Amino acid sequence: MLESKELISELGGLIETSGFDLYGICKAIIPEEDKSHILSWVEKGKNGKMDWYPKNMDLRLDFKNLGFEPRSVIVLGVLYNDPEYENIFKTIPFRFSRYAIGEDYHRVLRRLAKPILKELKNRYPNNRFRQGVDSLPIPEKVLARESALGWIAKNTNLIHPEFGSYFFISVILTDLPMEIANLPVKDRCGSCTACIDACPTGALEPYRIDAGKCISHHTLEDRSPTIPDTFGWIAGCDICQEVCPWNRVKAKKKGIQTLREEFKLRPFFRENPNSILDLDENGFAKLFADSAISRMDYSMFQRNANQCKEWSQKNHRHRS
Ligand code: B12
Ligand code: SF4
Ligand code: SF4
């Protein structure tokens, strides 16, 4: 049977030149403990307004109905943190999360993985390879942890001990069986609770999120005409990652940042950021057509922008 180490040493160069910063391989199995956490999360209604989440649980937990039986998973990660982000957003009265300032990561990661998929199909013509970037209902953080890309932390993000947590994940499922020997990355949260203390909505308990309370969920997943306070965030929220010492200190000190132009701050954030709050439907479509927030329709964007305007007025009054 093929050793995962062997494949990694043969394909590592191609994976890196394709633009991926992290990679690993694991078995296509979701451990029982994770299954039970995910099931109890859904039973307790912690998925908020994401009604799509409990659908396809068969596929999510057992990889059934994919049209083939996956045996192994190649997990890939790309950094998205652009250091210029902090300089710009500290001068603006609203926030976009880092994941939303560049091109849609679903598109980018699919594009970057093309040469890898091509090579895999050339080498193993009798096997199947299927990529997912959120597109398959697969718990990607669990597979990334199983591939030794990091640990699932108290803020529920996957953290790599050197790179921090500002990276996207993509998986390639395959029926190619592999012998896998991974040393798990140990949980380095220790006694820290910075993320839990900083979350303004109380969405976090250690290792557990109530998505229905999370600003990211409100701004991107909730289609209701009104949503709870977003504390100045228009799209997503990064607070529990910003306060994390593995991003704020460790990765920052090492100068960890994205090398992908696609994920860097777009010029309009620099040039005329305040006009973003007053974009009309055409302007919104033009600026964000290829961004991850294009999943948000204009009415959601306008709702979030109005909420941010109110928030910054209120905040300004408090400060004066
Ligand atoms: C649903 C979803 C959301 C939801 C729920 C968030 C979440 N933590 O799951 C919402 C909309 C809130 C969201 C927000 C964000 N998301 Co999101 N999201 C997803 C998605 C589609 C599924 C994740 C999932 O299955 N969650 C279900 C819950 C149960 O999983 P979990 O919270 O991780 O729980 C695990 C552990 O915490 C633990 N656990 C759960 N309950 C309990 C209980 C106990 C007692 C214990 C001990 C443990 C435990 O077990 C679970 C399984 O291991 C994935 C893509 C994918 N297909 O996997 C992206 C993904 C997780 N998101 C991602 C990102 C970037 C974000 C945001 C940073 C975006 C933003 N800036 O706004 C925020 C981060 C918010 C946060 N603190 O997590 C990245 C994360 C990359 C990384 N390095 O971790 C992913 C992987 C997308 C990608 N392809 O890159 N997201
Ligand atoms: S993303 Fe924001 S709202 Fe959601 S858990 Fe983290 S800090 Fe709380
Ligand atoms: S802020 Fe602290 S507790 Fe939260 S994820 Fe980072 S290290 Fe873990």
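Any aspartates and glutamates with Cα under 17 Å of the residue 264 Cα? List them, leaving off those in the same chain fewer than 8 positions away.
Counting by Cα, and skipping residues close in sequence, residue 264 has these aspartates and glutamates nearby: 21, 82, 84, 86, 103, 104, 238, 290.
Could you tell me how many degrees, from 0 to 90 and to the nearest 10, lie between the Cα long axis of helix 4-17 and the main elongation axis, the longest principal axis, of the Cα atoms of the chain?
Roughly 40 degrees, rounded to the nearest 10.
Give a residue-ordered list of calculated ³J(HN,Hα) values for segment 81-87 (Karplus: 6.51 cos²θ - 1.76 cosθ + 1.60, θ = phi - 60°; whole Hz; x for Gly, Pro).
3J(HN,Hα) across segment 81-87, in whole Hz: 7, 9, x, 5, 3, 5, 4.
Check the cysteines of the chain one by one and keep only those with no other cysteine Cβ under 4.7 Å from their own.
That list is 26, 189, 192, 199, 214, 237, 244, 308.
Quick check on the chain: of the DSSP beta bridges with both residues there, what percent are antiparallel, nearest 5%? Write down the numbers at each step before the final one.
Values: 23 of 27 bridges.
Percent antiparallel among DSSP bridges in the chain is about 85.
Under a 5 Å amide H to amide H cut-off, with H placed in plane at 1.01 Å, what residues pair with residue 258 once short-range neighbours are removed?
Those qualifying (amide H under 5 Å, at least 5 residues apart or on another chain) are 81, 82.
Given +1 on the Cβ of Lys and Arg, -1 on the Cβ of Asp and Glu, and no further charges, what dipole in debye does the chain carry about its Cα centre, rounded to the nearest 20?
400 debye
Among the aspartates and glutamates, select those whose C-alpha is under 14 Å from the C-alpha of residue 5, and discard any that sit fewer than 8 residues away in the same chain.
Cross-link targets: 179.
For a Förster distance of 51 Å, can you work out the FRET efficiency between the beta-carbons of residue 248 and residue 126, rounded to the nearest 0.05?
0.60
Going toward the positive end of the dipole of the chain, with +1 on Lys and Arg Cβ and -1 on Asp and Glu Cβ, which of 246, 228, 312 do you reach last?
Final value for the positive-end residue is 312.
Report the calculated FRET efficiency for residue 8 and residue 207 (r = Cβ-Cβ distance, R0 = 35 Å), to the nearest 0.05.
0.75
Just add up the charged neighbours of residue 292: K/R +1, D/E -1, any other residue whose Cβ is under 12 Å from the Cβ of residue 292.
So the surrounding residues net to -2.
Given a cut-off of 29 Å, name the pairs among 55/213; 114/141; 49/154; 49/114; 118/252; 154/286 whose C-alpha atoms lie farther apart than that in the structure shown.
From 55/213; 114/141; 49/154; 49/114; 118/252; 154/286, over 29 Å: 49/114; 118/252; 154/286.
With each label point set 7 Å from Cα along the Cα-Cβ vector, what nm distance links residue 55 and residue 186?
Between residue 55 and residue 186, the simple spin-label model gives 4.3 nm.
If amide H atoms are built 1.01 Å from N in the plane of the peptide, which residues on other chains or at least 5 residues away come under 5 Å of the amide H of residue 148?
Long-range HN contacts for residue 148: 185.
Going through segment 133-163, which GluC sites (Glu not before Pro) have at most 14 other Cβ atoms within 10 Å and a DSSP loop state?
162
Could you tell me the distance between the Cα centroids of segment 68-116 and segment 219-263, to the nearest Å?
Here the two parts' Cα centres lie 11 Å apart.
Where a number appears in this text, it was derived from the coordinates with a stated rule and is not lab data. Every value quoted in this text rests on a predicted model; they were computed, and no experiment measured them. Glycine also receives a Cβ, built like all others from the backbone with ideal geometry; neighbour counts cover every protein chain displayed.
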